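The values are calculated or read from the model by the stated rules, or taken from the named source; none is laboratory data. All values derive from a computational prediction rather than experimental measurement. Virtual Cβ from ideal backbone geometry, glycine too; neighbours counted across all protein chains shown. Keep in mind that these areas ignore ligands, DNA and RNA; they rest on the heavy atoms of the full protein, side chains included. Shrake-Rupley method; radii C 1.70, N 1.55, O 1.52, S 1.80 Å.
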Amino acid sequence: MTNFPINSLFSRLALVLTVSFLMLGLMLVQLSRQLDASFQEQVTQKLHLSLAEHIVHEGPLFVEGKPDPAAVERAFHNMMILGKGFEFYLLSPDGTLLNYSAPPEKIRRERIPTATIELALTGQPTLPLRGPDPRDPIREKIFSVAPVVIDGQMLGYLYIIINGEIYDSMAAQVADSAWLPFALLMLGSGALFLLASTLGLFAWLTRPLSRLSNAIGALEAQGFKTPSLALNTPGAAREIRQLEQAFNTLSQRLQLQYRKVKSVDEMRRELLAHVSHDLRTPLASLQGYLETWMLQQRKGQQPDPAYVEIAQQNAAKIHKMVDQLMELARLESDQVPMNIESVSIAELVQDVLQKYRPAAEAKKVLLDVSPKDPGLQVAADIEKLERVFTNLVDNALRHCHAGDSIRIQLLHDDQLVKVSVSDSGIGIPASDLPHIFDAHYKAANSIRGDAAHSGLGLAITKRLLALHKSSIEVSSKVQQGTEFRFSLPLA
């Protein structure tokens, strides 16, 4: 059985709709009562609009300019037979009460404004037309009025309240007995309508949300062991489609990030295994030579200075490997600040080649850059770009033999400078090319015995160029050489 907690969307919508329909039912009952009362007043007043005029024509209500009490009483008595809800008032021309069919203590107004009377006598007044009730200082009632004219002289008005106090009393009694069943009928009908419409509306509205909730629950339960979850509800509302699209985008992004994190985690574990293996060799050598040097010293022999020199070389190799690991970890953190400025790339390349010229001359390897144009400027971080050229030249020099060459070419168009770092060295096997930028990967052409180079240089280079929003490409043939290519924007 499904439970709907009080704070769920279903329960909140149900509560709001229930209260809304109850209020609507009460408003409809009250409005219907008001409309019914107005309709009845309009019909009643229209039926009796000429009542006062008929009474005036039946007989004179004034004798010698004064009200005739007997005639007035007789007229009032005759009309009371037709209905007890009528109230009769004889008014002077200025609206003052002269005679009336009510106990004196009931009268609360001594004068009726003639403006209301004149409005009723215009010919076609808008009904229902209400006038002042002499029995209440505020209340207004529908009425009938006619002027009393004798011998061409207007002596006053006959003012008749159509639904008087007796009518109000009887109507209240009837309403008290009939209103409650009517109200219950209206509210019951509204409740049934609410139930039917709510079930249909909620089934239609909450079905996509239920699908979304189930999908999120499946994602939470299954994790990322299954393919990416995708929602698609044909014919759904625009808002639901947008919600589904947002969920699908989020699901795909989470899957991508999960695979990336998993891949990086696997790479780090593999890198740690390789690094620990590579560090073991220079550490063992460092420890062995130091122990030999100390053993000679304890035996009173003259220690061989070469042991200390070899130990220092191994320590330098370890230090360089640790620096590369720290640099790669920092670059992978995506929090590396960039200081982009205008850099003379030809001069920067010549400075890098100058550092390697002694080693290149020792190996009889030619270093060259073209063109040597100091005016060729690129937008780059000079420190990181120098590290890129250092890594590439160092990598090329280690794979060259006597008579080989390393050339750096700078070709430019209106927007980019295309950089090529090529050598005529031993080349890279085709099977190794897709992996040479992986951290700690050593191709088949790696210079064995050189433990200081742990395969991190090219991985660092690729990451440094990615920070410049540039990618690096490589092509190579075994025993013919290797070429690295990338581009930088002109400054």
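In terms of accessible area, using a 1.4 Å probe and ignoring ligands and nucleic acids, Glu64, Glu383 rank largest first as Glu64, Glu383. For segment 353-409, the list of trypsin sites (Lys or Arg not before Pro) that fall in a loop by DSSP and count at most 12 other C-beta atoms within 10 angstrom reads Lys364, Lys372. In terms of distances greater than 32 angstrom between alpha carbons, the cross-link table entries Lys260/Lys372; Lys66/Lys106; Lys262/Lys355; Lys355/Lys469; Lys260/Lys384 yield Lys260/Lys372; Lys262/Lys355. Does segment 58-158 classify as rounded, prolate or oblate by the C-alpha gyration tensor (a ≥ b ≥ c root eigenvalues; a/c under 1.5 gives rounded; else a/b over b/c gives prolate, otherwise oblate)? The shape class here is rounded. Rounded to the nearest 10 square angstrom, Thr249 shows an accessible area of 60 square angstrom against a 1.4 Å probe. When nucleic acids and ligands are ignored and a 1.4 Å probe is applied, Met23 ends up with an accessible area of around 110 Å².
Thr126 sits among other residues whose Cβ lies under 15 Å from its own Cβ, and their net charge, with Lys and Arg +1 and Asp and Glu -1, is -1. When the residues Asp133, Asp304 are ordered by accessible surface, computed with a 1.4 Å probe over the protein chains alone, the sequence from largest down reads Asp304, Asp133.
Going by accessible surface with a 1.4 Å probe and the largest first, Ser420, Ser475 read Ser475, Ser420. So, counting K/R as plus one and D/E as minus one, what does the shell of residues with Cβ under 15 Å around Leu243 add up to? So the surrounding residues net to +2.
Looking at segment 84-120, none of the chymotrypsin sites (Phe, Trp or Tyr not before Pro) sits in a DSSP loop with at most 13 other Cβ atoms within 10 Å of its own Cβ. Only aspartates and glutamates eight or more places from Lys320 in sequence, or on another chain, were considered; those with a Cα closer than 14 Å are Asp278, Asp394, Asp450.
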